[in-house]
Amino acid sequence: MPTSAEAVVQLPDDVDLHARPAAQFVRTALGHAAAITVYAGEREADAKSLLAVLGLGARRGTQLRLRAEGGEAKPALDALVACVSGFTE
């Protein structure tokens, strides 16, 4: 089982990473035993911190790069990619 994994996902064109979707993203991340970092451009944040994720200022269509480390790295990223892909305004 991999101990680290990376994935890229794009925010839908009609969704900013504001309070509601950010909270959903963080809840998803918290459900996994992996250290997860999310990158938006030059900014990075702990995916399990709501304030850090909000601080990314990710807007519609922004590409997010996700990196997870730990035993649940791959399932964590799969869940986060599904979470972001399912965002609706």
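Values in this text are rule-based calculations from the coordinates and carry no lab data. Just so it is clear, the structure is predicted and the values come from calculations on it, not from any experiment. A quick note on method: Cβ atoms are made from the backbone with ideal geometry, for glycine too, and the neighbour counts reach across all protein chains shown.
Output yes when any residue across segment 43-51 is touching a residue at least 24 places away in the same chain (Cβ under 8 Å), assigned to a helix (DSSP H, G or I) and either out of contact with any Leu (no Cβ under 6 Å at 6 or more places or on another chain) or under 13 Å from VAL9 (Cβ atoms) (or both), and no when none is. Looking for residues that are touching a residue at least 24 places away in the same chain (Cβ under 8 Å), assigned to a helix (DSSP H, G or I) and either out of contact with any Leu (no Cβ under 6 Å at 6 or more places or on another chain) or under 13 Å from VAL9 (Cβ atoms) (or both), one finds at least one in segment 43-51, hence yes. Just checking, how many residues over segment 31-53 are closer than 15 Å to ALA73 by Cβ and exposed (fewer than 13 other Cβ atoms within 10 Å of the Cβ)? Final tally of qualifying residues: 1. In the set (1) of a type outside the set (Val, Ile, Thr); (2) without any contact (Cβ under 8 Å) to a residue 40 or more places away in the chain; (3) not in a strand (DSSP E or B), PRO75 fails one condition alone, (2). Out of segment 5-23, which residues are surrounded by 15 or more Cβ atoms within 10 Å (Cβ to Cβ) and either at positive phi or not in a strand (DSSP E or B) (or both)? The answer is LEU11, PRO12, VAL15, ASP16, LEU17, PRO21, ALA22.
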